[in-house]
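Values quoted throughout were computed directly from the atomic coordinates according to the rules given, and no laboratory measurement underlies them. Model, not experiment: these values are computed from the prediction. Note: ideal-geometry Cβ built from the backbone for every residue, glycine included; neighbour counts use all protein chains shown.
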Amino acid sequence: MMQKLEANKVFYKKETQLLKDFSFSFGGQLYGILSDQPEENSNVLKVLAGLIQPDKGKILLGGENVYTSFQKKERAVRKQIGFVFQHGGLLSNLNVLENLLVPYDFHFPEISLDRKKEKISGLMDFFGLPVKILTERPAKLTISTQKALLFVRTYLTEPKIIFYDDPFMNCSLEIKKSIFKLILKLKEEKIIQIFSESVDVQLYELADMVILLQQGAYYSSDTFKVLKKSNADFVTGLISKLLAE
Amino acid sequence: MVQKISLAFANRVRLFYSKTTSVVSFVFEILYELKNFFLQRKITRLILIRQILFTGFEALGLISFVAVAVGGIIILEGSAILPGFGQSKLLYTILVTVILRELGGLLTAFIIIARSGTAIATELGNMVVNQEVESLVSFGISPVLYLVVPRVLGVVLSMMALTIYFNVAALAGGWFMAYLFAPIPILDFLTKLFSEISVIDVISSFIKSLFFGFVVAVVSSYQGLQVNFASTEVPQRTIKGVVLSLSWVILFDILLTAIIYLV
């Protein structure tokens, strides 16, 4: 059965209104989020991923609220959600292998270390990362490599919903290509992927649906191709701003 | 004017209440996650081992130096003052009272605050800024379970072991100094010393080290996790952690001494 992530009248206000009565049903597709407050897109994604508690409303995954405390039931919910951070996110006092094993060991304690290492080296290979960095601390690596490792760590646990916060920021061309390839593969596998991107417009073109937010409220959603043809001032303003970047 | 003052007072009370509730719920969360720590030892064991190595093992040199010096100084001062009052035999009583009951635990706690308390607050603060704490939440791992509980356990265990070590080293330092001035066989020294040590002194030292370790680890972890987004907050929170740890350790010391020896 295909997994669904449902935002139900979500309301979240920080200094500005980030989400206002936002309702949307996400099903096995690639979604881009575009808003008139791009600097707050990280927080919008975090609310949808259950990392930040909304002021009102619920985010439901299979009927379970994704923002909950850390009980057994909720652990099963979080196992299905992956989040690729814009920057940072790797534990600085652990080496790369230990970093990759944290969520893997937590969610799959039954899998042997050898099998885990095998899967890790397969994914590292896919991103063109040398296995010798497994013993290095994140601080010793380039920002692009650190970013690629965030993807490796997320994909290892095979989540059913993946959030990408500025996935191409700080990425080398090679890593960018690998990310594209994997996102396309997951798109075919009907994995829910939700992103916000400020560097590269290509991903929006690839998205099945781009959701537009105006001051945190749902404005409209469609493919990027259709939205580009829109005459509405708000839509043309958002798209021209994105294309200019 | 009166309205302004009462409003400011009400705000202070509200702030105090919210801070107290936040700290109390943090402590309860730690106690709650303690049981999960053993279930999740595959991912938390490494943090615990590293904390014990850093707080306990790597502090041995400094603890040895301070303990031997303090033990020696007490004997030196005592040997200089007490014979003038004809109370030389009180030297052992003073050594045991000062080291075992008070200074052993207190000085060990101060050293742990300076080394590990600051390290914990800084490390956790930087982890918040670097989105490392948020990444744990995204896996479904409780930051309290993964980051705080192993540190609390590591500091408490190290504190208890180091306090015992401090007491032994300080008493040894006392014997060494006494031996330099008036050679005394170790057996005589130990016999006189043990005649002054009561079971309650040992229990008191043990209970105090347990409380001090818990207080230092909890306060430092709490302050570290209070950092929001800016790295400039990290040193501010670290300093606050040190000041609060020192204050709470001294307050607990007074309280525990009163309960154990006066009640």
Residue among A:Ala139, A:Leu129, A:Val102 farthest towards the positive dipole end of region A:97-175, charges placed on Cβ: A:Ala139
Tally Lys and Arg at +1 and Asp and Glu at -1 over the other residues with C-beta under 13 Å from the C-beta of B:Pro150: what net charge comes out? +3
So what does the Cα-only Debye profile of region A:1-138 read at q = 0.10 Å⁻¹, as log10 I(q)/I(0), no solvent term? -0.44
Return one number: the angle in degrees, 0 to 90 and rounded to the nearest 10, between the long axis of the Cα atoms of helix B:233-257 and the longest principal axis of the Cα atoms of chain B. 50 degrees
For region A:1-60, whose charge dipole is built from +1 on Lys and Arg Cβ atoms and -1 on Asp and Glu Cβ atoms, the candidate among A:Leu34, A:Gln17, A:Gly57 with its Cα farthest towards the positive end is A:Gly57
Electrostatic dipole magnitude of region A:29-134 [Cβ: Lys, Arg +1; Asp, Glu -1; Cα centre; debye, to 20]: 360 debye
Run the quick spin-label model on B:Thr257 and A:Ser121: label points 7 Å from Cα toward the beta carbon, then report their separation in nm to one decimal. 6.1 nm
Kirkwood-based Rg over Rh for chain A (C-alpha set), two decimals? 0.96
Report relative contact order for chain A in percent, whole number only (criteria: Cα-Cα under 8 Å, sequence separation at least 6). 28 percent
Give the dimensionless ratio obtained when the Cα radius of gyration of region B:9-83 is divided by 2.2 N^0.38 Å. 1.96
So, in nm, how far is label B:Phe57 from label A:Ser240 when the simple model puts each one 7 Å beyond its Cα toward the Cβ? 6.5 nm
From DSSP H assignment alone, runs of 4+ in chain A each adding -39500 (n - 2.57), the sum over residues rounded to the nearest 500 puts [θ] at 222 nm at -11500 deg cm²/dmol
List the trypsin sites (Lys or Arg not before Pro) within region A:1-84 that fall in a DSSP loop (any state other than H, G, I, E or B) and whose Cβ has at most 16 other Cβ atoms within 10 Å. A:Lys14
Mean separation of Cα contacts under 8 Å (at least 6 apart) over the residue count of region B:164-248, i.e. the relative contact order in percent, is 20 percent
Helix B:60-81: angle to the longest alpha-carbon principal axis of chain B, degrees 0 to 90, nearest 10? 40 degrees
Too long for a 27 Å Cα-Cα cut-off, among A:Lys140/A:Lys187; A:Lys160/A:Lys241; A:Lys117/A:Lys177; A:Lys185/B:Lys42; A:Lys46/A:Lys241; A:Lys117/B:Lys35, are A:Lys140/A:Lys187; A:Lys160/A:Lys241; A:Lys185/B:Lys42; A:Lys117/B:Lys35
Between region B:172-241 and region A:20-53, what is the C-alpha centre distance in whole Å? 50 Å
Could you tell me the calculated FRET efficiency between A:Gln29 and B:Leu34, based on Cβ-Cβ distance and R0 = 35 angstrom, to the nearest 0.05? 0.25
With +1 on each Lys and Arg Cβ and -1 on each Asp and Glu Cβ, how big is the dipole of the protein assembly as shown about its Cα centre, in debye rounded to the nearest 20? 620 debye
Once you have the Kirkwood Rh of the protein assembly as shown from its Cα pairs, apply Stokes-Einstein at 4 °C and 1.567 mPa s and quote D in µm²/s. 49 µm²/s
Wrap a convex hull around the Cα atoms of region B:40-109, take a quarter of its surface area, and give that in square nanometres. 5.7 nm²
What is the helix-to-structure angle for B:186-196, meaning the angle in degrees between its Cα long axis and the longest Cα principal axis of chain B, kept from 0 to 90 and rounded to the nearest 10? 60 degrees
Hey, any idea what the orientation-averaged projected area of the convex hull of chain B's Cα atoms comes to, in nm²? 19.4 nm²
